[in-house]
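A.B. asks: Please find one structure pasted underneath; my questions will follow.
The values are calculated or read from the model by the stated rules, or taken from the named source; none is laboratory data. This one's a predicted model, so the numbers in the text were calculated from it and none came from an experiment. Reconstructed Cβ throughout: ideal geometry from the backbone, glycine too, with neighbour counts over all protein chains shown. When the accessible area is computed, the model is the full protein with side chains, heavy atoms only, and any ligands, DNA or RNA have been set aside. Shrake-Rupley method; radii C 1.70, N 1.55, O 1.52, S 1.80 Å.
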Amino acid sequence: MIKLHDKFFKPYLKEEQILNAIAKMAKDIAKDYKDEVPLFVGVLNGAFMFVSDFLKAYQHPCEVSFVRLSSYQGLTSTGIVETLLDVPEEMEGKSVIILEDVVDTGRTLKQLVHLFSNTNVKEFKIAALFYKSEVYNGEYPIDYIGLDIPDNFIVGYGLDYNELGRNLREVYQLNQANMINLVLFGKPGAGKGTQAGFLKEKYNLKHISTGDVFRYNIQNGTDLGMLAKSYIDRGDLVPDAVTIDMLKDEVEKNPDAAGFIFDGFPRTAAQAEALDNFLESKNMRVDATIALEADDDILVARLLERGKVSGRSDDQDESKIRNRFDEYNEKTAPLKAYYQKQGKFHSVNGIGDIDEITTRLSQVIESLD
Ligand code: AMP
């Protein structure tokens, strides 16, 4: 394992595997182009090692040039692709073969195709050393592929994490185990907030309770608070669009978190899907959803007790509490199947001493890989 800036990376591809893939690409391209003089265009910065090793493997007449583009910042693609070094001049009638280190979503490719669209090249081909077929948008054909790899953040062999790691001879993958994202699932009163308080300390996680964020906004009289108040007072769910945006903001506020405990979110199918998509866009994921199970009557009694102390209006009236359970049964309970399908659903008995329940939750968390 190596550390670059604040993150850990584990070995993924050996130098030999990379060089073998490149040798194969050189052979395939030679088959098509050895009788002419193609122009290889490397995409900087990431492709410099690939271009060098590729040319050593391609021993036929050819020219070489570079363009320079950039779309990554940290671990995520910014979506904005800047052209820092433009296409070479004098390309008329040439067969251009782009040498790209990694193709993932395809945004950089779009910019490349655009760059070459005004030139009179004879042919325009794309060769990608690493290709993430899972996420590629498929807009342009990739003509030569070195290795099809999963959608994990990689460094080494020219690729960087915030400029570090380009000089590594092998490719390393972000060690996801460093980040644990948990969804705590369960009816109101199941103990999610209490348990999250312990788990966040134990595993160094950031706790996000959507209920707490709403209450904070209500207390501070914000627009969001005013909007949410009427729903919360009735024990209804706040609309998805509002809740999802708020959740995203809370995650964005914590770029350095080692992981998150989502407490009270997601509560609907739309929220669960939005969370998956949002985390994926940040190269993150939900690792586990853990449900705290308890009987309704026990929960009603707990909530009424809590209401006496906390003053929460939605905890003081049994009909509002029952309405929250109805909302849960109707909109939230189906998420169990959603997470089961992903193999991420775990159930824990939520009745017992608080520390006993923390132990049960910890056993699940420590069994995750
Ligand atoms: P909680 O503190 O988690 O019990 O949440 C209190 C109330 O805040 C809920 O009854 C809802 O009105 C609102 N709320 C909290 N989280 C969500 C969510 N994910 N979606 C919609 N409404 C929510």
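A.B. asks: Short version: what are the Cα gyration tensor semi-axes of the stretch 217-283, square root of 5 times each eigenvalue, largest first, in whole Å?
C.D. replies: On the way: eigenvalues 104, 44, 18 Å².
Working from the Cα gyration tensor, I get semi-axes of 23, 15, 10 Å.
A.B. asks: If you take all C-alpha pairs in the chain, what percent of them are over 26 Å apart?
C.D. replies: 59 percent
A.B. asks: Provide Rg and Dmax in Å for the stretch 256-314, with only Cα atoms included in the calculation.
C.D. replies: When restricted to the Cα atoms of the stretch 256-314, Rg and Dmax are 15.8, 43 Å.
A.B. asks: Of all DSSP beta bridges in the chain, what percent run antiparallel (nearest 5)?
C.D. replies: Taking every DSSP beta bridge within the chain, about 30 percent pair in antiparallel fashion.
A.B. asks: Pairing the Cα long axis of helix 318-327 with the longest principal axis of the chain, what angle in degrees results, from 0 to 90 and rounded to the nearest 10?
C.D. replies: Taking the Cα atoms of the chain, the angle to 318-327 is about 30 degrees.
A.B. asks: In the calculated pair distance distribution of the stretch 96-249, what percentage of Cα-Cα distances lie above 26 Å?
C.D. replies: Every Cα pair in the stretch 96-249 considered, those over 26 Å come to 55 percent.
A.B. asks: Given a cut-off of 20 Å, what percent of all Cα-Cα pairs of the stretch 227-325 lie beyond it?
C.D. replies: 49 percent
A.B. asks: Can you give the FRET efficiency to the nearest 0.05 for S65 and M1, using r as the Cβ-Cβ distance and R₀ = 30 Å?
C.D. replies: Plugging the Cβ-Cβ distance into 1/(1 + (r/R0)^6) gives 0.20.
A.B. asks: Taking Cα atoms, how many degrees apart are the long axis of helix 240-252 and the longest axis of the chain, rounded to 10 and kept between 0 and 90?
C.D. replies: 70 degrees
A.B. asks: Mind pulling the angle between the C-alpha long axis of helix 107-116 and the longest principal axis of the chain? Nearest 10 degrees, somewhere in 0 to 90.
C.D. replies: Around 30 degrees separate the two axes.
A.B. asks: Sticking with this one: Quick one: Kirkwood hydrodynamic radius for the stretch 125-195, alpha-carbon pairs, angstrom, one decimal?
C.D. replies: Here the Kirkwood hydrodynamic radius works out to 15.6 Å.
A.B. asks: Please work out the Cα center distance from the stretch 1-56 to the stretch 176-245, rounded to the nearest Å.
C.D. replies: The stretch 1-56 and the stretch 176-245 have Cα centres spaced 46 Å from each other.
A.B. asks: Let me understand the stretch 276-369 better: what is its radius of gyration from the alpha carbons, and its Dmax, in angstrom?
C.D. replies: When restricted to the Cα atoms of the stretch 276-369, Rg and Dmax are 15.9, 43 Å.
A.B. asks: Taking all protein chains in place and a 1.4 Å probe, what share, in percent, of the accessible surface of the chain do carbon and sulfur account for?
C.D. replies: Working: 8650 of 17920 Å².
Accessible surface attributable to carbon and sulfur in the chain totals 48 percent.
A.B. asks: At R0 = 45 Å, how high is the FRET efficiency between D326 and V113 if r is their beta carbon distance? Nearest 0.05 is fine.
C.D. replies: 0.25
A.B. asks: For S310 and Q342, calculate 0.36 nm times their separation in residues minus their Cα-Cα distance, and state this gained length in nm to one decimal.
C.D. replies: 7.9 nm
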